[in-house]
Amino acid sequence: MNFLTLTNISKTFGNTVAVKDFNIVVEKGEFVSFLGPSGCGKTTTLRMIAGFELPTTGQIVLDGEDITFTPPNRRNVGMVFQSYALFPNLTVAQNIGFGLRVRKMPVQEIDQRVKEMLSLIHLQQFGHRYPYQLSGGQQQRVALARALAIRPRVLLLDEPLSALDAKIRVELRSEIRRIQQQLGITTIYVTHDQEEALSLSDRVVVMKDGLIEQIGTPFEIYNFPQTPFVASFVGTLNVLRAKVLDADKGLLSLEGQTFYSSEPLKQVRNGDVVSVAVRPEIITLVGGGAELNQLNCRVETVTFLGSIVRIQVRIAETMLFFDTFNNPHLVLPQVGAPVTIYFPREACLILELTRE
Amino acid sequence: MSNKADMKKASHNRGVSLTRPSKTPWLTWLGVAPFFAFTLFFIFLPSASLLVGSFQNNAGQFTLQNFIGLLTPSVVNAYWVSIRISVVTALLGGLLGFFLSYAVTLGGLPQWVRAALLTFSSVASNFAGVPLAFAFIATLGRTGMVTALLKAWFGLDLYAQGFSVYSFWGLSLTYLYFQFPLMVLVITPALDGLKREWREAAENLGASGQIYWLRVALPILTPSILGAMILLFGNSFGAYATALSLTGGFLNLITILIGSQIKGDVLLNPGLGYALAVGMVIIMAVTTALYYFLRRRSERWLRI
Amino acid sequence: MRKSRLWSWFWIFIGTLYFVVPLLATFEFSLRARKGTLSFLAYERVFKDPAFWKSFGFSLELAVFTVIISVLLIVPTAYWIRLRLPQLRGAVEFITMLPFVIPAIVLVFGLIRVFSGPPLPLTDTYFGTTALLVAGYVVLALPYMYRSIDIGLAAIDVRTLTEAAQSLGAGWGTILFKIVFPNLRVAILSGSFLTLAIVMGEFTMASFLVGIKAFGPYMSLIGQNKTYESSSLAIISFILTWAFIGLIQLLTRGRAEGQMAGAR
Ligand SMILES: Nc1ncnc2c1ncn2[C@@H]1O[C@H](COP(=O)(O)OP(=O)(O)O)[C@@H](O)[C@H]1O
Ligand SMILES: [Mg+2]
């Protein structure tokens with residue numbers, strides 16, 4: 001059931017192309033994130049859905065209605081801004097009730113709805129406060145309630161957590177997900193924080209330079225990145241520059257040691273140099289099973305990070321790091337000691353090739 | 001020098017190790033002594049002297065008679081004219097200044113217009129006093145250019161209609177020349193403080209531009225606008241040179257009255273002159289306090 | 001969108017008109033000294049008048065002294081308040097705002113009352129009167145000078161600079177004259193030009209203390225009997241004001257969004 005459809009959307013500001021060939025179909029009740037580095041066109045896309053920018057080309061259809069050129073105040077979509085954008089002259093309750101007053105809803109009903117919203121965001125006692133009397137996290141919850149009070153068809157959030165402290169951010173993140181699930185509201189969430197996108201979304205749209213790189217579930221995006229950019233932007237990576245010894249078998253060589261990628265290498269000739277990405281969490285110090293790649297290296301640093309221990313190793317000029325979970329009985333390798341690391345063949349993601 | 005001080009501190013420490021070493025506080029205070037001495041002599045002493053004088057009769061005895069004397073019709077009238085002209089020029093200057101500032105902040109005009117307006121405003125708000133009066137005599141005086149042009153083009157004879165540049169309205173038009181630029185300078189930061197997101201949030205919630213202005217933008221700006229207009233009020237209330245040069249003391253303003261009191265005691269009672277001045281300072285103090293109160297309030301809102 | 005821009009241009013038009021018309025009128029008037037033709041005769045007469053140069057020079061001297069005393073008084077105070085006596089900040093800011101509350105006409109009234117007889121008979125001598133006028137001007141300039149310098153100090157983390165200088169062995173004199181003043185150059189200069197703009201044409205205080213020796217009262221006197229010359233003086237004053245404000249804008253590269261002085 002396609003509820004919100006963006007077809008061939010593009011937007012140019014003067015000479016800058018902010019968004020290009022943007023296509024997506026969002027289902028009712030779905031939580032979709034736009035993820036990408038700053039300046040990649042996430043906000044612009046969101047603002048076109050809200051009606052603050054007109055697309056240069058393309059069409060936006062919401063619930064069967066073409067809203068491409070509908071003015072923002074007739075769209076009935078809720079928006080939450082990065083800077084909260086609460087009206088400083090109105091109390092929390094008045095802020096939440098603003099959209100309802102504009103719609104000329106009877107006063108009792110407004111009060112009722114505002115009360116519901118306040119309890120939804122767990123701020124029942126704060127209706128009479130002014131925004132400047134609230135913390136950042138509280139203000140953003142009020143902004144969320146204000147956007148939801150009008151029962152919008154779609155909820156749009158533009159980096160709603162990036163102005164908050166790390167701890168509040170995680171707290172509010174699960175709150176947003178809870179409320180979204182409870183109301184079943186279709187949601188588009190813009191962020192440059194991959195952890196937010198992965199943990200919240202049903203689907204993630206990864207963007208770069210105004211273009212969609214990949215659309216998929218968080219699981220797909222993380223484990224099966226379709227472009228080198230997605231692989232490197234989502235999660236952390238070790239990148240190895242390896243020489244192709246046997247493309248058909250996927251045999252590669254790094255500093256004189258050999259290992260295999262999971263599949264035969266396509267479009268690559270023997271002797272090419274390719275970048276191979278390996279996620280750090282997949283590397284272990286424990287061997288077993290002939291299917292595992294193994295590489296001999298030397299421990300460079302051991303960093304204790306609390307719940308995990310990050311170990312950096314060196315193979316000649318190449319540096320790699322990986323994490324192991326901390327436990328009190330862990331025997332940490334000594335710096336300078338030789339170790340062997342293991343990782344499965346499927347963990348090798350081929351990013352790009354350089355032909356010499 | 002600082003080394004010596006450190007050494008002194010160290011030896012001091014060894015001697016009485018239990019108490020915190022006192023850092024010769026009077027030396028620290030000496031740093032601001034010239035400033036306080038200067039302001040004592042040239043602000044506080046003169047003010048206090050006027051205040052004391054306003055409670056004394058000619059023989060130097062305590063009296064409230066001077067303040068009762070403020071109620072004589074000519075004095076009340078002077079206060080009244082001053083207040084009226086200040087209110088009128090604050091309102092008109094405030095409105096014109098506000099619309100100008102609106103035009104260059106939210107009105108979608110190119111950046112150079114803003115830069116030009118702010119520079120012009122800086123200059124014009126400083127262009128007051130004697131030369132300003134000359135300029136308006138050349139403009140709206142009996143033989144002034146605008147007077148002549150209005151007559152030639154529209155057959156409108158200002159002076160036959162009862163207008164005179166030396167009158168209340170003439171002086172008001174003259175004051176406006178520095179009032180509206182001052183409004184531009186004071187209100188532009190407030191208009192800059194209106195966030196684009198507020199407008200967008202309002203639209204997003206279904207509001208039209210009009211509703212946004214009525215329920216959000218104007219209420220947010222109100223303290224700033226009021227504060228700025230109060231500043232304008234004080235600005236023209238204390239003006240003396242422009243009025244004197246323009247009307248030659250014809251118009252009975254409170255500053256003009258005080259001026260003639262300084263020159264030659266027209267009221268035959270120095271005490272009354274001091275009371276006039278004190279009354280003026282009280283009005284200025286109240287307006288300034290109101291201005292700061294309103295400014296604090298609008299800063300609190302606009303910073304969020 | 002289009003309509004709102006038209007509205008904006010309308011107000012700019014009104015504002016420009018209000019601003020330009022009196023200047024045009026004054027300029028045109030100042031050219032009419034010679035019957036029948038336009039000429040710079042009025043300007044010639046003004047420039048040939050020794051009293052013009054004398055009063056102009058006198059006011060310029062007053063202005064320069066005002067600037068020097070203001071800077072010497074305010075820079076160390078503002079600096080010291082930031083460094084050692086932050087608890088006095090509120091009090092000092094309050095005092096610097098007092099000239100807004102006490103109009104020039106009231107201030108000069110009080111100054112005359114205090115200093116025109118024993119025990120402080122300043123107005124008895126030429127030097128004393130002039131000094132008193134300079135003191136009055138320092139008070140008038142106080143709000144603008146203080147604000148300019150305080151903003152300048154805020155921009156250059158004086159505490160760290162001072163500590164760095166001290167750790168290198170500098171004494172207070174060195175710190176003040178080799179570090180604080182140079183770093184505040186722009187703030188001091190823009191405050192000074194504003195002070196110059198205020199003092200040069202000042203009338204209220206000058207007329208009661210020194211009379212037509214100063215430029216403001218001189219202009220006023222000309223206005224009473226020479227119409228065309230007074231218009232040319234207005235234009236000269238305007239150019240002067242413009243020059244001072246322009247210098248400030250140039251110095252601060254337009255960052256000082258607006259300089260304002262009180263009414264006179
Ligand atoms: N109003 C605008 N005028 C000109 N360029 C803009 C405007 N808004 C955005 N851009 C440009 O469009 C690109 C995408 O911006 P944006 O959508 O804000 O990125 P993101 O939200 O992903 O950080 C950027 O290069 C930005 O500079
Ligand atoms: Mg953005």
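Mind counting the residues in segment B:186-202 that are surrounded by fewer than 23 Cβ atoms within 10 Å (Cβ to Cβ) and in contact with a helix residue (DSSP H, G or I) (Cβ under 8 Å, 6 or more places away or on another chain)? Step through it out loud before you land on a result.
In the first step, residues of segment B:186-202 are kept if they are surrounded by fewer than 23 Cβ atoms within 10 Å (Cβ to Cβ); the result is B:189, B:191-200.
Subsequent filtering for residues that are in contact with a helix residue (DSSP H, G or I) (Cβ under 8 Å, 6 or more places away or on another chain) retains B:191-194, B:198-200.
The total comes to 7.
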task: Quick one: B:L109 ticks every box in (1) buried (at least 16 other Cβ atoms within 10 Å of the Cβ); (2) assigned to a helix (DSSP H, G or I); (3) more than 23 Å from the chain's Cα centre (by Cα) except a single one, so which number is it?
output: (2)
- request: Considering (1) in contact with a strand residue (DSSP E or B) (Cβ under 8 Å, 6 or more places away or on another chain); (2) open to solvent by 50 Å² or more (accessible area, probe 1.4 Å); (3) facing another protein chain (nearest Cβ under 10 Å); (4) charged (D, E, K, R), say which one A:R75 fails and leave the rest.
  value: (2)
query: Which residues, counting only those in segment C:85-135, are outside any helix (DSSP H, G or I), within 30 Å of B:F293 (Cβ to Cβ) and not β-branched (V, I, T)?
result: C:L85, C:P103
query: Would you call A:L86 away from ligand 2 (no atom under 16 Å from the Cβ) and assigned to a strand (DSSP E or B)?
result: no
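Could you tell me which of the residues B:W153, B:W169 is within 23 Å of B:L96 (Cα to Cα), surrounded by fewer than 24 Cβ atoms within 10 Å (Cβ to Cβ) and more than 8 Å from chain C (Cβ to nearest Cβ)?
After applying the criteria, what remains is B:W169.
Being in contact (Cβ under 8 Å) with a residue 12 or more places away in the chain, open to solvent by 40 Å² or more (accessible area, probe 1.4 Å) and assigned to a helix (DSSP H, G or I) is true for just one of B:L221, B:L226. Which residue is that? Lay out the reasoning, then the answer.
Details: B:L221 fails: open to solvent by 40 Å² or more (accessible area, probe 1.4 Å).
Result of the check over B:L221, B:L226: B:L226.
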statement: Okay, strands (runs of 3 or more DSSP E) sitting entirely in segment A:143-236 with 2 or more residues that are under 30 Å from A:C348 (Cβ atoms), I get A:203-208, A:211-216
Test: B:I230 is in contact with a Ser or Thr (Cβ under 7 Å, 6 or more places away or on another chain), more than 9 Å from every other protein chain (Cβ to nearest Cβ) and among the aliphatic types (A, V, I, L, M): yes
message: Please go through (1) over 22 Å from the mean Cα position of the chain (by Cα); (2) among the charged types (D, E, K, R); (3) more than 10 Å from every other protein chain (Cβ to nearest Cβ) for B:R295 and return the number of the only condition it doesn't satisfy.
response: (1)
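Which residue out of A:K104, A:K115 is part of a loop (DSSP other than H, G, I, E, B) and within 28 Å of B:W301 (Cβ to Cβ)?
Values: A:K115 fails: part of a loop (DSSP other than H, G, I, E, B).
Testing whether each residue is part of a loop (DSSP other than H, G, I, E, B) and within 28 Å of B:W301 (Cβ to Cβ) leaves just A:K104.
Answer with yes or no whether A:T68 is more than 14 Å from chain B (Cβ to nearest Cβ), more than 16 Å from ligand 2 (Cβ to nearest atom), out of contact with any helix residue (DSSP H, G or I) (no Cβ under 7 Å at 6 or more places or on another chain) and not charged (D, E, K, R). Walk me through how you get there before you give the answer.
Details: more than 14 Å from chain B (Cβ to nearest Cβ): yes; more than 16 Å from ligand 2 (Cβ to nearest atom): yes; out of contact with any helix residue (DSSP H, G or I) (no Cβ under 7 Å at 6 or more places or on another chain): yes; not charged (D, E, K, R): yes.
Taking the combined requirement at face value, the residue satisfies it.
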message: Tally up the residues in segment A:51-66 that are surrounded by fewer than 21 Cβ atoms within 10 Å (Cβ to Cβ), at negative phi and in a loop (DSSP other than H, G, I, E, B), please.
response: 4
- prompt: Which numbered condition trips up A:Q125, out of (1) more than 12 Å from chain B (Cβ to nearest Cβ); (2) at pLDDT 95 or above; (3) more than 16 Å from ligand 1 (Cβ to nearest atom)?
  reply: (2)
query: Is at least one residue of segment B:113-121 surrounded by 20 or more Cβ atoms within 10 Å (Cβ to Cβ), over 24 Å from B:L253 (Cα atoms) and touching an Asp or Glu at 6+ places or on another chain (Cβ under 8 Å)?
result: yes
- request: Evaluate the following for A:Y189: is it among the aromatic types (F, W, Y), in contact with a Ser or Thr (Cβ under 8 Å, 6 or more places away or on another chain) and within 13 Å of chain B (Cβ to nearest Cβ)?
  value: no
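Within 16 Å of ligand 2 (Cβ to nearest atom), open to solvent by 20 Å² or more (accessible area, probe 1.4 Å) and in contact with a helix residue (DSSP H, G or I) (Cβ under 8 Å, 6 or more places away or on another chain): which single residue out of A:Q182, A:Q194 fits that description? Outline the logic, then answer.
Values: A:Q182 fails: within 16 Å of ligand 2 (Cβ to nearest atom).
One residue alone meets the criteria, A:Q194.
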query: For residues in segment A:274-296 being of a type in the set (A, V, I, L, M, F, W, C) and open to solvent by less than 10 Å² (accessible area, probe 1.4 Å), which is farthest from A:N327 (Cα to Cα)?
result: A:V274
message: Can you say whether C:A164 is on the phi < 0 side of the Ramachandran plot, facing chain B (nearest Cβ under 9 Å) and open to solvent by less than 50 Å² (accessible area, probe 1.4 Å), as far as the supplied structure shows?
response: no
- prompt: What single numbered condition from (1) within 14 Å of another protein chain (Cβ to nearest Cβ); (2) on the phi < 0 side of the Ramachandran plot; (3) away from ligand 1 (no atom under 16 Å from the Cβ) fails to hold for A:M48?
  reply: (3)
- request: State whether one or more residues within segment B:159-170 are assigned by TED's automatic domain parsing to the domain that holds B:L194, over 30 Å from C:Q249 (Cα atoms) and aliphatic (A, V, I, L, M).
  value: yes
message: Restricting to segment A:315-339, name every residue that is outside any loop (DSSP other than H, G, I, E, B) and open to solvent by 40 Å² or more (accessible area, probe 1.4 Å).
response: A:M319, A:F321, A:F325, A:P338
task: Only residues that are more than 12 Å from every other protein chain (Cβ to nearest Cβ) and more than 16 Å from ligand 1 (Cβ to nearest atom): list them for segment A:154-170, please.
output: A:L164, A:D165, A:A166, A:K167, A:I168, A:R169, A:V170
query: Limited to segment A:1-37, what total is found for residues that are more than 17 Å from A:V230 (Cβ to Cβ) and outside any strand (DSSP E or B)?
result: 6
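Condition check ((1) modelled with pLDDT of 85 or more; (2) closer than 12 Å to A:R279 by Cα; (3) out of contact with any Lys or Arg (no Cβ under 8 Å at 6 or more places or on another chain)) across all residues:
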residue: A:L320; (1), (2), (3): yes, yes, no
residue: A:N326; (1), (2), (3): no, no, yes
residue: A:H329; (1), (2), (3): no, no, yes
residue: A:L332; (1), (2), (3): no, no, yes
residue: A:P338; (1), (2), (3): yes, no, no
residue: A:L351; (1), (2), (3): no, no, yes
field: Scope segment A:33-54; condition under 14 Å from A:I212 (Cβ atoms) and more than 16 Å from ligand 2 (Cβ to nearest atom); matching residues
entry: none
task: Take segment A:78-87 and flag every residue that is under 17 Å from B:V216 (Cα atoms), open to solvent by 10 Å² or more (accessible area, probe 1.4 Å) and either away from ligand 1 (no atom under 16 Å from the Cβ) or more than 8 Å from chain B (Cβ to nearest Cβ) (or both).
output: A:Y84
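The values are calculated or read from the model by the stated rules, or taken from the named source; none is laboratory data. Predicted model, so just to flag it, every value in this text is computed and none were measured. Cβ coordinates were reconstructed from backbone atoms using ideal geometry, including for glycine residues, and neighbour counts include every protein chain displayed. Ligands, DNA and RNA are excluded from the accessible area calculation, which covers all protein heavy atoms including side chains. Shrake-Rupley method; radii C 1.70, N 1.55, O 1.52, S 1.80 Å.
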